[in-house]
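Report on the following structure.
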Amino acid sequence: MKPWPLSLIALSLILATPIFVVLSSVFFSAGDIWTHLFETVLARYISNSFALMTGVSIGVLALGVLPAWLVTAYRFPGSKVFEWALLLPLAIPAYIIAYTYTGMLDVAGPLQSNLRDAFGWSYGEYWFPEIRSIGGAIAMLSLVFYPYVYLLARAAFAGQSASVMEAARSLGCSQRSAFFRVALPLARPAIVVGLSICLMETLADYGTVQYFGISTFTTGIYRTWNGLGSTVGAAQLAALLLGFVFILVSIESWSRKQAQFFNTGSNAWPSPAVPLVGGRLFIAYLVCGIPVSLGFVVPLIQLSIWASITSDSIMTADFAGYLFNSLALAAITSAAALILALFIAYGRRLYPTQLSSVAARVLSLGYALPGTVVAIGVLVPFAWLDNQVSAFMVARFDFNTGLLLSGTAFILVFAYLVRFLPIAMNTVDAGLTKIRPSMDEAGRSMGLGPMTILRRLHMPIMRGSLATALLLVFVDVLKELPATLLLRPFNFNTLAIRTYELANEERLADAAGPALTIVLASLIPVILLSRSLERATNVPSVGEKPR
Amino acid sequence: MAPPALQLDNVSVRLSGHLIVDSVSFSVSAGGIGCLLGASGCGKTTLLRAIAGFEPVSTGEILLDGAVVSSPSGALEIEKRHVGMVFQDHSLFPHISVAENIAFGIQALSSPMREARVKELAGLLEIGGLLGAYPHRLSGGQQQRVAIARALAPRPEVLLLDEPFSSLDVELRETLAREIRLVLKQEGITAMLVSHNQFEAFAMADEIGVVKSGRLLQWDNAFNLYHTPASLAVADFIGEGVLVDGQMIGKNAVETELGIIDTREIENFKLPDTKEISILLRPDDVLHDDASPIKARIVEKAFRGAVFLYTLELESGKRVLSLAPSHHDHDVGEPMGIRLDVKHLVAFPKLPSPICR
């Protein structure tokens, strides 16, 4: 076999180690830990995770599907703004929205204080929903994950050929019943894809459930490993979690295939959007306005207020240090991810073999892995490797190398790559498929050499995709919490870690500085996404329709 | 007398400020099949969509069975018009089976009646074996049959078909067009189709309207459109032909470069006002005749199986088309004897355009 495809397979094996490690942990004995877990907390982990997934499903469907339909099928003042604004909550990591709302709605928070002042109540005399509860966690996660459902549902609705809806109308359906009998069923596979992504994110969430004191798999893994000191036990919990994740992944990929069958043809043009007035306009504003304001505007305002109050204590040397750590990690990881993604994409293009596409498929699984699972899966082999090296060095040179890899930022970057390389791969692949092989052949037939083709053809066409890949990985690294928490070197802090620490010390206002920095950085890819959305809907208006 | 099943009175349609359909009037009697024929972008689909109720009219009225359904003051909702629509891309619902597609518009019927209607239509359109299948498994022709069955199920007053055969391959097109025509005639269904293909229109429709730039140029049957086009534009669109200069000699003869035509032999000859005229010569008007004194040089020839279509250059440099049986095989550049055999003559006041098509 040629060296390129061979190294591709080697790379996928290396990056898939965490999965293999976690899965193979079920063959080892964790001693009494498992009995302990089984007898005490496991049932709670499972029931809590299920409760969260059920609640978040309802939440994201309610928040995501209806606005998607409204902005595609109707025209009203502001509908174009809502079209992209509905994506904004994607910029707020779940743990940050949880901290923000806790600060706002807690006993000492502004809302309850004002209520007490206004009505002369005192603490304990009145009922107020407890934000730190399963219900609260469901609300938080739904508010930031619903854009996945919205995005896929909107694309599905917008991609439906107008003639399919018109066919339903000509067969006696009103606009409303055509929605329920045709548009919604046709969008169902896409909505299920969005829902599975939301549920994967829900299972992967650590920051919110940890802060709200809800025991789930992710907090359990952390506790078992850090508190009980059982790596094998933690890995076995991770394996169980991975089982759930794989079910979601298969539902997702099955639905993606299903969505292709539900394709209604290429000559889709948007239905002439129906204008909304009166009471229905008011309802449309509620349906589109609530997700945006609760998921983005309100938390952003609260964070800004806190950040301005604490601005003196934000701009310190410590903050500069966290910022530098975060940026350095993000820059190194995104550059490495881009190089690897290019290496994989060109390897598959030049040597298209069955094995290399399987390797790419394995690599793409990383996006579904919760950060805690990746952390455990990375830590175990690295610790083993360190011990081997150290033992060898002691025996040979009487020199203890200690934790050569697992105590450094290297292990962090490796874990990030496992998790975020698929994002870079997707983006680079999308760019590369725009360059059809016949274009290469056309270039060759004009007498251009491979390097010239790369420089004059591939680079200009790929530039945008490469920048997007860099950016997406960069921001995801910036936001990442659980893997960083588990794998960071001693005393190594990032913006996300600092936000987490301050929030857990109940210094929510102080946490606003780093949190706001993360949110603002995360806004950049969301804005890019909404701009590409705008271009996708930029189809000929009614008069220019192909007739 | 019963009102026409479909009637358009001076209908105009404006989309985003552009006049797409301009003062169109015609009617189709119950059980008749009409066709709007025109190049793409001429407004014929917009007109069909206005009849269906998808686009509002800016002037005029559309009447179904004598009742106004569209006027500038308002339009009856699509779902209440009882029009069946067959779309260019068939637009079958991909998430339900063929049987469910056909039954989509007849949910109000009891389930045994619904099943009976689906079976009946499946038999009529010969898709009985496909009822359980899903649309993505069907071929283009099968999808077309299902789309028609689905549109016919609620017994619409008018069936509208938008370029129904354009996505099918050429051989299938005319066969299916003839077959669908039979079904419609058998069921006595009034239908209106839109097409850019004249052979499809000829195969399907009783009456055809030629549409150009939003205007209806002529509303007539296929034979008359071909042989007595009302205007140059219609002559240009229907069939192949060449305009040749002619001069009236007295009242009953036209002198052309290809000889003298006795207009007394021609049915319904309409004499133009001018002495200098242009006459439309179809390829079947110019016969191959080796004995003829009139010779023309062959410039181009196209083999069409049974016949050759020759493009000939006369002495004046003028070019005409001639159909000759394919055993009359001459080479390009050779002279060929021709004579006129004109049964239908269309004459217009003289115009300087040499070749129509």
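The values are calculated or read from the model by the stated rules, or taken from the named source; none is laboratory data. Owing to the predicted nature of the structure, the values given are computational and were not obtained by experimental measurement. Note that we place each Cβ from the backbone using ideal geometry, even for glycine, and neighbour counts take in every protein chain shown.
A few points about this structure:
- Exactly one residue out of A:A424, A:A496, A:A467 is at pLDDT 85 or above, under 25 Å from A:T231 (Cα atoms) and not hydroxyl-bearing (S, T, Y): that is A:A496.
- Condition broken by B:A296, with the remaining ones in (1) part of a strand (DSSP E or B); (2) in contact with a helix residue (DSSP H, G or I) (Cβ under 9 Å, 6 or more places away or on another chain) satisfied: (2)
- Listing of helices (runs of 4 or more DSSP H) fully contained in segment A:156-245 that carry 1 or more residues being touching a residue at least 40 places away in the same chain (Cβ under 8 Å), under 23 Å from A:V22 (Cβ atoms) and away from chain B (no Cβ under 13 Å): A:184-204, A:207-212, A:217-222
- Which listed residue, of A:R44, A:R116, is among the basic types (K, R) and at pLDDT below 85: A:R116
- Positions within segment B:89-118 being more than 18 Å from A:V182 (Cβ to Cβ) and not charged (D, E, K, R), in sequence order: B:L109, B:S110, B:S111, B:P112, B:M113, B:A116, B:V118
- Residue tally, condition within 24 Å of the chain's Cα centre (by Cα) and not assigned by TED's automatic domain parsing to the domain that holds A:P67, over segment A:293-327: 6
- Matching residues in segment B:238-285 - criterion: being modelled with pLDDT under 75 and in contact with a helix residue (DSSP H, G or I) (Cβ under 8 Å, 6 or more places away or on another chain): B:F269, B:L271
- Flag if B:A177 is under 13 Å from the mean Cα position of the chain (by Cα), part of a helix (DSSP H, G or I) and touching a residue at least 24 places away in the same chain (Cβ under 8 Å): yes
- When residues of segment B:11-28 are limited to those that are of a type in the set (S, T, N, Q) and touching a residue at least 40 places away in the same chain (Cβ under 8 Å), the one farthest from the other protein chains (Cβ to nearest Cβ): B:S25
- All positions within segment B:70-87 that are in contact with a strand residue (DSSP E or B) (Cβ under 7 Å, 6 or more places away or on another chain), under 16 Å from A:L171 (Cα atoms) and either part of a strand (DSSP E or B) or more than 7 Å from every other protein chain (Cβ to nearest Cβ) (or both): B:L76, B:R81, B:V83, B:G84, B:M85, B:V86
- Residue in segment B:114-131 that is part of a helix (DSSP H, G or I), more than 8 Å from chain A (Cβ to nearest Cβ), surrounded by fewer than 17 Cβ atoms within 10 Å (Cβ to Cβ) and of a type in the set (A, V, I, L, M, F, W, C) present: yes
- Filter pass, A:L421 being under 20 Å from A:I19 (Cα atoms), in contact (Cβ under 8 Å) with a residue 40 or more places away in the chain, surrounded by fewer than 16 Cβ atoms within 10 Å (Cβ to Cβ) and outside the structural domain of A:A204 (by TED's automatic domain parsing): no
- The strands (runs of 3 or more DSSP E) found wholly in segment B:1-65 and carrying at least 3 residues that are under 23 Å from the mean Cα position of the chain (by Cα) and of a type in the set (S, T, N, Q) occupy B:6-15, B:18-28.
- Residues in segment B:64-90 that are farther than 18 Å from B:I189 by Cβ and in contact (Cβ under 8 Å) with a residue 60 or more places away in the chain were compared, and the one that is surrounded by the most Cβ atoms within 10 Å (Cβ to Cβ) is B:H90.
Conditions tested, residue by residue: (1) crowded, with 19+ Cβ neighbours inside 10 Å; (2) at positive phi; (3) acidic (D, E).
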site: A:A395; (1), (2), (3): no, no, no
site: A:M439; (1), (2), (3): no, no, no
site: A:A469; (1), (2), (3): yes, no, no
site: A:D476; (1), (2), (3): yes, no, yes
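- Taking first residues from segment A:426-451 that are in contact (Cβ under 8 Å) with a residue 40 or more places away in the chain and partners that are of a type in the set (S, T, Y) and part of a helix (DSSP H, G or I), the Cβ contacts under 7 Å between residues at least 6 apart in sequence or on separate chains come to A:T427/A:S465; A:T427/A:T468; A:V428/A:S465.
- Per-region count, segment B:180-196, residues without any contact (Cβ under 8 Å) to a residue 60 or more places away in the chain and within 23 Å of B:L216 (Cα to Cα): 0
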